[in-house]
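Below is one structure; the comments refer to it alone.
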Amino acid sequence: MSADFLYGIEVVLNGLMAGVMYALVALGFVLIFKASGIFNFAQGVMALFAALTLVGIMEGQVPFAHIINATFGTELHHFGWEVPAILAITCTVGVMILFAWAVQRFLFRHLVGQEPIILFMATIGLAYFLEGMGDLMWGSDIKTLALGLPQGGSRWIEDATAGLGGDDFYGFFIDKLDMVATVVAIVLVAGLIAFSQYTKHGRAMRAVADDHQAALSVGISLNFIWILVWSLAGFVALVAGIMWGAKSGVQFSLSLIALKALPVLMLGGFTSIPGAIVGGLIIGVGEKLFEYLVGPMVGGATENWFAYVLALLFLVFRPQGLFGEKIIERV
Amino acid sequence: MTLKTLTTLALSGVLVAGTAAADLVIPDLSYRTGPYAAGGTPFSDGYQDYFNLLNARDGGIGGETVRIVECETGYNTEKGVECYEATKSEGALIYQPLSTGITYQLIPKTTADEIPIHTMGYGRTSAANGEVFPWVFNYPANYWDAASVMVNYLLEENGGSLDGKTIALVYHNSAYGKEPIRTLEALSAEHGFEFTQIAVDHPGQEQKSQWLQIRRERPDFVLMWGWGVMNQVAVQEASNINFPMENFIGNWWAGAEHDVTPAGAGANGYKSLNMNRIDADLPVFADITSMVHDAGNAAGDGSNIGSVLYTRGMYAAMLAAEAIAKAQEIHGVADVTPAMVRDGMEALEITNARMEELGMAQIGPEFSVSCENHGGSGLGIVQQWDASAGNWVALTDYIAPQDAVIDGLIAEDSGAFAAENNITPGCL
């Protein structure tokens, strides 16, 4: 096999794993859209907020320290302790549940029955509010996520495959962090599917997703289900925030990862969990292969362009995406 | 509230406004929020803290108090223009936009309004030609200088020859990121190295394709023009593919502490340019701590003092203050106008003796500005990250760019701009 062919395979493998990272972000969108019909513009910011909160708790940072110090003339920054990762993750999940409750209690409860565009606009406002809140609580500096996640290429894979395509082939590069993300994504999706299929609340969630009014008529509390769904989306956001934050440090540009999820959603469908995964994989492989094969001829940096053009094509020929529910309007 | 109270308040307001109008107004177009806040915050802290020090220690500049008007741009070009429009009527003397995008939008506006703009190590490189851009200054160095300094450093490291070597440029796919390409192409032709360009889409969170390409092609050296998250991800990805970090050099906007700390030990050995020295022991920092921070007048929380971008912000403020002082000297008035400050900037001379006197010995190179040269000396140093010590170490003294190449490019580009805009080059 030629080195070029093997490098092509390497690009495909890395594209698959990049796709998993995109899918992690897209999953949060799908959960909320499926259950409530809300396209949650704030999902990227939720990932940022969750990751900021995790690092803040782990490092024993005093939340709102800047405001406290400015108001009372104190010099508080840290409590002086560090919290173990597992406990900090648990606490962060608790914060995201609290956030889910607050979103329902103070925002969407007042918007029941409004048009989807109004709900979408509300999530735009929520995104800005949450970004500002994260800044006030934890500051805007870049934070290092010290969870001990592995970084760098797998030496074992590299050594085992080096030379397969002659001296010009240096072995497959597979990022260990991407491998961890893949395993986490598999567990997460399996967990979400098991939850929705085999638990009482999961079935209630699906019932709400199918028909709000029918679910209400059989005694399912919409308010509880929506808090549950936003909590799950918050948890998914935390996982996405951890994986992306491990690459770049936890910083405010994490909120922009939502941009990578949009074409995935258009492709996979806004209402399908498997669709988010398959969409992520197609976008990941497609954009990486396009950059590898066509990029050098057109100056490179084609990935975002390719992802959105592919999504556009799907919108034209299959508006509901690969796995989305077909829209049938009876007149 | 009685009528008397209202009248008193109104009169106080008039008096305060009257006092404020006599101040030296310096807008600070900062970005403390959003994706680029980690870079914008320390620069703004240093910029403001130095002016606050002058107020506290010297009673301002030439006896006139400095009044800072901060406006948050979020590193967003539209907001930056809004900030300019909102602050110029306050009597703004000099703008430091801290964004190449905002700079490009402000060049025609500041020229029409006759307010000088200082784009220190960023912005439109050919604005170094003061005969075409009389209101724009980009001293002490510009992007093309930076590219040339990098190549000169590599020449020095490789026995004076880069013939047969490969240099890749990883750049932010924007006007900013593309700035050094022309220079590197010209230098490639002159020095015989192979030059490849690798673009990274905004914001640069995902760079797997680019670093796999580098792993395949194995360039001898990688240069980087990045900003924001692109820097942290690039350093991490370079470490991931085991690229020799000592052969990876970022420009001066890719060489702050926060650019390397997320990658931990993997960032050890990464190099970057700097247009100013980093030295936490400079006497000026002690003055800022005692007279600004301890007095409760710090622009931020005080944690950034001495860092790369804080020092650069402070250095920028010093250059602005020196230009104002020069303007006062030229025109014989303390309450200078923007046009007078422009004159001060054009006559600016920064010497080692003056920097030492200011408590910041050798923070930057010596240079002087003239009508023909708004770009300064173009010198830069190369620094290297020591991950275990957690600090940058200067590897070189100030390195000069290859003026013969840069000057030709500046003349060509500024000449084209002048022709497009019907400008007759000349000194004001």
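Things worth noting here:
- Matching residues, the stretch A:231-254, being of a type in the set (A, V, I, L, M) and within 14 Å of another protein chain (Cβ to nearest Cβ): A:ALA240, A:ILE242, A:MET243, A:ALA246, A:VAL250, A:LEU254
- Taking the criterion of being open to solvent by 10 Å² or more (accessible area, probe 1.4 Å), at pLDDT below 90 and not basic (Lys, Arg), the residues of the stretch A:257-267 that qualify are A:ALA258, A:LEU259.
- Condition check for B:ALA353: open to solvent by 20 Å² or more (accessible area, probe 1.4 Å), of a type outside the set (Lys, Arg) and outside any helix (DSSP H, G or I): no
- When we screen A:PHE29, A:PHE41 for residues that are away from every other protein chain (no Cβ under 14 Å) and either open to solvent by 10 Å² or more (accessible area, probe 1.4 Å) or under 21 Å from B:ILE214 (Cβ atoms) (or both), the only hit is A:PHE41.
- Within the stretch A:1-38, the set of residues being among the hydroxyl-bearing types (Ser, Thr, Tyr), in a helix (DSSP H, G or I) and closer than 30 Å to B:ARG218 by Cα comprises A:TYR7, A:TYR22.
- Within the stretch A:61-75, considering residues that are surrounded by 14 or more Cβ atoms within 10 Å (Cβ to Cβ) and more than 30 Å from the chain's Cα centre (by Cα), the one farthest from the other protein chains (Cβ to nearest Cβ): A:ILE68
- Residues satisfying the stated conditions in the stretch A:184-203, i.e. farther than 17 Å from A:SER272 by Cα and open to solvent by less than 90 Å² (accessible area, probe 1.4 Å): A:VAL184, A:THR199, A:HIS201
- When B:GLU206 is tested against the conditions (1) open to solvent by less than 10 Å² (accessible area, probe 1.4 Å); (2) within 24 Å of A:ILE257 (Cα to Cα), the lone failure is (1).
- Spans of helices (runs of 4 or more DSSP H) in the stretch B:211-313 with at least 1 residues more than 14 Å from every other protein chain (Cβ to nearest Cβ) and touching a helix residue (DSSP H, G or I) at 6+ places or on another chain (Cβ under 7 Å): B:283-288
- Total residues in the stretch A:126-177, condition in contact (Cβ under 8 Å) with a residue 40 or more places away in the chain, in a helix (DSSP H, G or I), at the interface with another protein chain (Cβ under 9 Å from one of its Cβ atoms) and of a type outside the set (D, E, K, R): 1
To keep it simple, each residue is scored yes or no on (1) open to solvent by 30 Å² or more (accessible area, probe 1.4 Å); (2) under 24 Å from the mean Cα position of the chain (by Cα); (3) outside the structural domain of B:GLY40 (by TED's automatic domain parsing).
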| site | (1), (2), (3) |
| --- | --- |
| B:ALA127 | no, yes, no |
| B:ASP163 | yes, no, yes |
| B:ASN173 | yes, yes, yes |
| B:ILE181 | no, yes, yes |
| B:PHE195 | yes, no, yes |
| B:PHE221 | no, no, yes |
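- Note on the stretch B:40-75: residues that are over 21 Å from B:PHE285 (Cα atoms) and of a type in the set (Asp, Glu) amount to 3.
Matching residues to (1) at negative phi; (2) surrounded by fewer than 13 Cβ atoms within 10 Å (Cβ to Cβ); (3) out of contact with any helix residue (DSSP H, G or I) (no Cβ under 8 Å at 6 or more places or on another chain); (4) not assigned by TED's automatic domain parsing to the domain that holds B:ALA263:
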residue	(1), (2), (3), (4)
B:TRP385	yes, no, no, no
B:ASP397	yes, yes, yes, no
B:ALA400	yes, no, no, no
B:GLY415	yes, no, yes, yes
B:GLU420	yes, yes, yes, yes
B:ILE423	yes, no, no, yes
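- For B:GLU64, the requirement of being out of contact with any Gly (no Cβ under 8 Å at 6 or more places or on another chain), open to solvent by 10 Å² or more (accessible area, probe 1.4 Å), within 17 Å of B:THR33 (Cβ to Cβ) and at pLDDT 95 or above is not met.
- Of the criteria (1) within 22 Å of B:ALA112 (Cβ to Cβ); (2) of a type in the set (Val, Ile, Thr); (3) in contact with a helix residue (DSSP H, G or I) (Cβ under 8 Å, 6 or more places away or on another chain), which one B:ILE330 fails: (1)
- Only one of A:ILE257, A:ILE282, A:ILE277 that is facing chain B (nearest Cβ under 8 Å), of a type in the set (Val, Ile, Thr), in a helix (DSSP H, G or I) and touching a residue at least 12 places away in the same chain (Cβ under 8 Å): A:ILE257
The values are calculated or read from the model by the stated rules, or taken from the named source; none is laboratory data. Everything numeric in this text was worked out from a predicted model, so none of it was measured. Every residue, glycine among them, receives a Cβ derived from its backbone with ideal geometry; neighbour counts consider all protein chains shown. Ligands, DNA and RNA are stripped out before the accessible areas are found, and what is left, the full protein with its side chains, is counted by its heavy atoms. Shrake-Rupley method; radii C 1.70, N 1.55, O 1.52, S 1.80 Å.
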